[in-house]
Amino acid sequence: MSELTIAQAVNHALRAEMFRDDRIVVLGDEVGALGGLFGVTEGLLEEFGDRRVIDTLAAEGGLVGTAVGLALYGLRPVAEIQFADFVWSGFEQLVSEMATLRYRSAGQYTCPVVLRVPYGAGVGGGMYQSQSPEAHFCQIPGITVVAPADGTDAAGLLRSALRGEDPVVFMEPKRLYREGRASMSDEVVPLGSARVRREGADVTLVTYGSTVPVTLEAAQLASARGIQADVLDLRTLVPFDIAALLRSIAKTGRAVLVSEAPRSGGYVAELAATLAERGIMHLEAPVERVTGFDTPVPYAHEDKYLPDVGRITAAIERVANF
Amino acid sequence: MGRQPLSLLSADPESAESAKVHLDDEQLRALYETLTLTRVVDDTCARLHRDGRVGFFVPSLPAAASSAAAAIALDDDDWLFPSFRDAAAYLARGGRIDDFVAQLLAAAGDPLKGRQLPGHGSLPAGKFVAPSGAAGTQIQHAAGVALAMQLRGEAQVALAIFGPSAVVQGAFHTGLNAAVQHQAPAIFLCRTSGAEAPPIAQRGVGYGLETELVDGTDCLAVANAVAVARTRAVAGGGPTLIEAVAGAAELEQDAAGRLRGFVEHRGLWDAEREEAFVRRCLDRVLDALEAVENAGPMGPESLLDDVWAEQPWMLEEQAARLKEGDDV
């Protein structure tokens, strides 16, 4: 059987879950007849009809707020934000409503919305189709934030998200949409568990989503130079797998954190703080970050903006040789 | 537009009888009782506020007529998304005084565990969803719930109540657009001062909704508008925007009085009932206050609960630390 790309794996999991649970509805701008801008919802309208696959207007506040209403009523909405960059107009609904309903009603109401958010640079999208806003999501209590890096994890994590009771921001690394990896499976990947992508005793590389492949490539290169890296793919950013992080740092004592989001106030700073608080007795070198720059994402020279093998390998060597 | 807000209740109760009143006798009595109870609750809250025992208090009385009328004109299974001025709707949908007072004072028995500002009640049994502090977001939720009802083929409606400040928010635009796009069974009830230009009802026309302009201090006019909108929505006729003009303060003050004239005319109420009912309301509120005082304030034990379905490790750790702090 041919391998599934991330886009196909998400489509496959969505379809399977929709058969399994008739409360699941898919909504978003052009998710119906078009099948989504990236083809992730292709064929779902034909399969399930317009009562379960709903084209909405291109207004994210309306989209997220509608999803909140559907979830309040007892449905399981999966809302597609076409690009993460468009989520800002839906942020009030996300922060003030979707995330708080359980807490502010003391558990009387829940809001199990899955918000699919294609994110990241590297597709020539310029500054409004390339952002990585995970730090913003991760500052919102009540939201689970997921960022898979391959089709198997994307499908498995989506299953968990759809079977859970909480709102999930499901960040899809769009420049990997066409990458193959997954085979058809019913695997359910639990939220909050990291995956060790490579084992090594010299340095810990922590990353997630879109920067997993480039980090693995750098680890390969470092290996050829005699540095063996432990590569941790977080998969879930909130709550992240702290046990896996501390287990790895106890082994290596050195860490490089990789993310394509802007550096300052970025999500990986939380990991660095955790290492400083809980891993200090193991640390033998400063924790390094390899990230995007503190700029909007540029149209030209995206390759300079994005963490590449050279920058990651240089950081690995600095940390390993400290 | 040049329309005058529709009014049914005047000094002469006969004039309202000549119009079709959509509430039955039981609903009419419940409506009048809700207004009376709301006044007693409001007076008590205002006193507590003056005494410094409640830090935040938004009077609900100026909105009580439209709030109670809308709540009572709905079916039990319809959903209501209130503003933060809708204590009357909370009480009309079956909210308990004890819970209301406990929530007001963040007392031990508060069903919302001290999380929400005073007056921001929640009532799942009454399909009454806790309001947030964001202006107008509930407009979109009503559209969403209405869409869900439509998708599921349920003959119910969702109603959102809001004020003129919500109209300038994005959710008014996206909510009305979405409801019209799907012809969802939603009712949008906007309380205004009548001074907004252009009038709010007029804006509904631009979105392609049915619109109604009613006197917001006239319970029967509001209830009728909601009932008509409800019938249309359930029949697949789409959403309605109702502008309820609150108008002058003295009209607000008189809203209950105008309704009383009508229910008395119908033989549903009299001076004796009035006296007994007001006394019972006062007793209930005072009993609730006493119960809350005996129960004491809400403890911090549940401060970190209900954020996620299951407490993730961060909150487990923070809860443990919070507990240690208590022991010091």
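The values are calculated or read from the model by the stated rules, or taken from the named source; none is laboratory data. For clarity, every value in this text was computed on a predicted model and none was experimentally measured. Cβ atoms come from the backbone with ideal geometry, glycine included; neighbour counts cover every protein chain shown. Quick note on the areas: whole protein, heavy atoms, side chains included, nothing else; ligands and nucleic acids left out. Shrake-Rupley method; radii C 1.70, N 1.55, O 1.52, S 1.80 Å.
For the stretch B:159-203 versus the stretch A:132-158, the inter-centroid distance based on Cα atoms is 34 Å. The translational diffusion coefficient of the stretch B:13-297, from Stokes-Einstein at 20 °C and 1.002 mPa s with a Kirkwood hydrodynamic radius over alpha carbon pairs, comes to 113 µm²/s.
The value given for the protein assembly as shown is a Kirkwood hydrodynamic radius of 26.8 Å, derived from the mean inverse Cα-Cα separation. Taking amide H positions as modeled 1.01 Å from N, with prolines and chain starts lacking one, the residues under 5 Å from B:T211 and 5 or more places away or on another chain are B:L241. A loss of 50 Å² or more of accessible area (1.4 Å probe, protein heavy atoms, ligands and nucleic acids excluded) relative to the isolated chain is seen in these residues of the stretch A:43-80: A:R51, A:L57, A:T66, A:L72, A:Y73. How about B:K20: which lysines have a C-alpha closer than 29 Å to its C-alpha, ignoring those fewer than 8 places off in the same chain? Within the straight-line cut-off, B:K20 pairs with B:K127.
Axis of helix A:212-224 versus longest Cα principal axis of chain A: the two differ by about 20°, to the nearest ten degrees. Of the heavy-atom accessible surface of the stretch B:13-297 (probe 1.4 angstrom), what whole percent is carbon and sulfur? Carbon-and-sulfur percentage of accessible area, whole number: 49. Taking other residues whose beta carbon is less than 15 angstrom from the beta carbon of A:V189, and scoring Lys, Arg as +1 and Asp, Glu as -1, yields -2. Take the alpha carbon atoms of the stretch B:51-121, find their center, do the same for the stretch B:251-301, and report the distance between the two centers in whole angstrom. First find each Cα centre; the distance between them is then 14 Å. Total buried accessible area between A and B, probe 1.4 Å, nearest 100: 3700 Å².
The Rg/Rh ratio for the stretch A:1-122, using Cα coordinates for both the radius of gyration and the Kirkwood hydrodynamic radius, is 0.98.
Helices in chain B, meaning DSSP H runs of at least 4 residues, each add -39500 (n - 2.57). Divided by all residues, the mean residue ellipticity at 222 nm is -16500 deg cm²/dmol.
Take B:K20: with every protein chain present and a 1.4 Å probe, its accessible area is about 140 Å².
Accessible area per residue for chain A in Å², computed with a 1.4 Å probe and the full protein assembly in place, what is it?
On the way: 11400 Å² over 322 residues.
Per-residue accessible area for chain A comes out at 35 Å².
Mind checking which lysines have their Cα closer than 24 Å to the Cα of A:K174? Skip sequence neighbours fewer than 8 apart in that chain. Candidates past the 8-residue exclusion: A:K304.
Scaled to the globular estimate 2.2 N^0.38 Å, the Cα spread of the stretch A:195-320, given as radius of gyration, is 0.97.
Counting only residues at least eight positions apart within a chain, or on another chain, there are no lysines with an alpha carbon under 17 Å from that of A:K251.
Output the antiparallel fraction of DSSP beta bridges having both residues in the stretch A:189-284, as a percent to the nearest 5. The partial results should precede the final answer.
Numbers: 3 of 11 bridges.
The antiparallel proportion sits near 25 percent.
Database remark: amide H of B:A107 closer than 5 angstrom to the amide H of B:M298 (H placed geometrically; neighbours at sequence offset of 5 or more, or on other chains; Pro and chain starts carry no H).
A cut-off of 5 Å between modelled amide H atoms, ignoring neighbours fewer than 5 places along the same chain, links A:R76 with A:I24, A:V25. Taking every DSSP beta bridge that has both ends in chain A, the antiparallel portion is near 20%. Using only Cα atoms and rounding to the nearest 10 degrees, what angle (0 to 90) does helix A:151-163 make with the longest principal axis of chain A? Helix A:151-163 sits at roughly 50 degrees to that axis. Mean sequence separation of contacting Cα pairs (under 8 Å, at least six apart), scaled by the length of chain B, corresponds to a relative contact order of 22 percent. Axis angle, to the nearest 10 degrees, between helix A:309-320 and the longest C-alpha principal axis of chain A: 50 degrees. For the stretch A:195-320, the carbon plus sulfur part of the accessible surface works out to 55%, probe radius 1.4 Å. Can you send over the carbon and sulfur percentage of the accessible area for the stretch A:4-182, probe radius 1.4 Å, protein chains only? Ligands and nucleic acids excluded, carbon and sulfur reach 50 percent.
Determine the per residue accessible area of the stretch B:13-297 with all protein chains present and a 1.4 angstrom probe, expressed in square angstrom.
Details: 10410 Å² over 285 residues.
Accessible surface, normalised per residue, equals 37 Å².
Could you sort B:61-74, B:145-158 so that the peptide with the highest average Cβ count within 10 Å comes first and the rest follow in order?
Details: B:61-74: 28.9, B:145-158: 22.7.
So the peptides B:61-74, B:145-158, ranked by packing, come out B:61-74, B:145-158.
Inter-chain Cβ neighbour count for B:115-124, averaged per residue, equals 3 (cutoff 10 Å, partner chain atoms only).
For chain A, just run the numbers: alpha carbon Rg, then divide by 2.2 N^0.38 Å, N being how many residues it has.
For chain A, the normalised Cα radius of gyration is 0.98.
The mean sequence separation of alpha-carbon pairs under 8 Å and at least six residues apart, normalised by the residue count of chain A, gives a relative contact order of 16 percent.
Heavy atoms only, probe 1.4 angstrom, no DNA, RNA or ligands counted: give me B:W269, B:W313, A:W88 ranked by accessible area, highest first. Working shown, then result.
Numbers: B:W269 15, B:W313 60, A:W88 95 Å².
Ranked list, largest accessible area first: A:W88, B:W313, B:W269.
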